[in-house]
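Here the structure is laid out as structure tokens; the discussion comes afterwards.
The values are calculated or read from the model by the stated rules, or taken from the named source; none is laboratory data. Since the model is a prediction, treat every value here as computed from it, not as a measurement. Virtual Cβ from ideal backbone geometry, glycine too; neighbours counted across all protein chains shown. Calculation scope for accessible area: heavy atoms of the full protein, side chains included, ligands and nucleic acids excluded. Shrake-Rupley method; radii C 1.70, N 1.55, O 1.52, S 1.80 Å.
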Amino acid sequence: IEHLRNAVALANSLRPDLTVLTGDYVTDHAEDIVELAPALGGLNAKLGVFAILGNHDLWTDRKTVTHYLEAAGLPVLVNRGVDLPVAGGALRLAGLDDAWSGQPDLNAALAGCPVGAPAILLAHEPDFADDWSQDPRVAVQLSGHSHGGQVRLPGRGALALPPFGRKYDYGLYRVRATWRYTNAGLGLAVPGLRLNCRPEVTEITLVRA
């Protein structure tokens, strides 16, 4: 929890306009969110803090994870979006249900977003960018899931990666007209260590095309 609080303090020190969380708050036990959610609730951003769920959140208990996140002031976007006021217009922030174990609906998440208007898409598994980028409204996709592989070797990259996190496993990519970023995350899965893949709070600055 102290590690998480330090990450929250770091994120807040950036004075962000928007903070987003891209899923997998728990691994094996949904009840772990009871302790985690209040720490995440310390996040602050001018336009708000928003979350989506990951496959482990669904595999444990979607309702429990969602309840405690929202009780901590973190709205969970499941196939829905919100319009954020920005200079010169609005920017759509859209969140999808988990693509591995849920029922993602991009059309529902982007409902009311005009063609040609930019949207930031929160989608837990990065490799579905090949599908989501076919919609010209998706200007940016932000994902997690892979943890960057946790163990990376020079010249080889990650030693092991999960399904749907193997093509766009870490960092910034261009997929059609969509910029997509895969964050390395804060926690650990199997194997329970990191090498050449530090925990990450990512600051992204959007500029007009």
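Quick one: which strands (runs of 3 or more DSSP E) lie wholly within the stretch 129-193 and hold at least 1 residues that are touching a Leu at 6+ places or on another chain (Cβ under 7 Å) and of a type in the set (Gly, Ala, Ser)?
Details: elements: 138-143, 171-175, 178-182.
Fully inside the stretch 129-193 and qualifying: nothing.
Out of (1) free of Cβ contacts under 8 Å to residues at least 60 places away in the same chain; (2) open to solvent by 30 Å² or more (accessible area, probe 1.4 Å); (3) on the phi < 0 side of the Ramachandran plot, what's the single condition that is false for GLY73?
GLY73 satisfies every listed condition except (3).
Taking the stretch 39-56 only, how many residues are outside any helix (DSSP H, G or I) and either open to solvent by 10 Å² or more (accessible area, probe 1.4 Å) or β-branched (Val, Ile, Thr) (or both)?
Qualifying residue count for the region: 11.
Which residues, counting only those in the stretch 93-113, are at pLDDT below 95 and within 24 Å of THR205 (Cβ to Cβ)?
Across the stretch 93-113, the qualifying residue is only CYS113.
When you check TRP59 against the structure, is it in a loop (DSSP other than H, G, I, E, B) and modelled with pLDDT of 95 or more, yes or no? Reasoning before the result, please.
Values: in a loop (DSSP other than H, G, I, E, B): no; modelled with pLDDT of 95 or more: yes.
Judged against the criteria, TRP59 is not a match.
Let me confirm something: among LEU121, LEU172, LEU188, which residue is surrounded by fewer than 18 Cβ atoms within 10 Å (Cβ to Cβ) and under 14 Å from the mean Cα position of the chain (by Cα)?
Every option except LEU172 fails the conditions.
Part of a strand (DSSP E or B) and either open to solvent by 10 Å² or more (accessible area, probe 1.4 Å) or touching an Asp or Glu at 6+ places or on another chain (Cβ under 7 Å) (or both): is that true of LEU91 in this structure?
It is true that LEU91 is part of a strand (DSSP E or B) and either open to solvent by 10 Å² or more (accessible area, probe 1.4 Å) or touching an Asp or Glu at 6+ places or on another chain (Cβ under 7 Å) (or both).
I'd like the residue in the stretch 175-185 that is open to solvent by 60 Å² or more (accessible area, probe 1.4 Å) and not basic (Lys, Arg) and, out of all such residues, is nearest to ASP28 (Cα to Cα).
This residue is TRP179.
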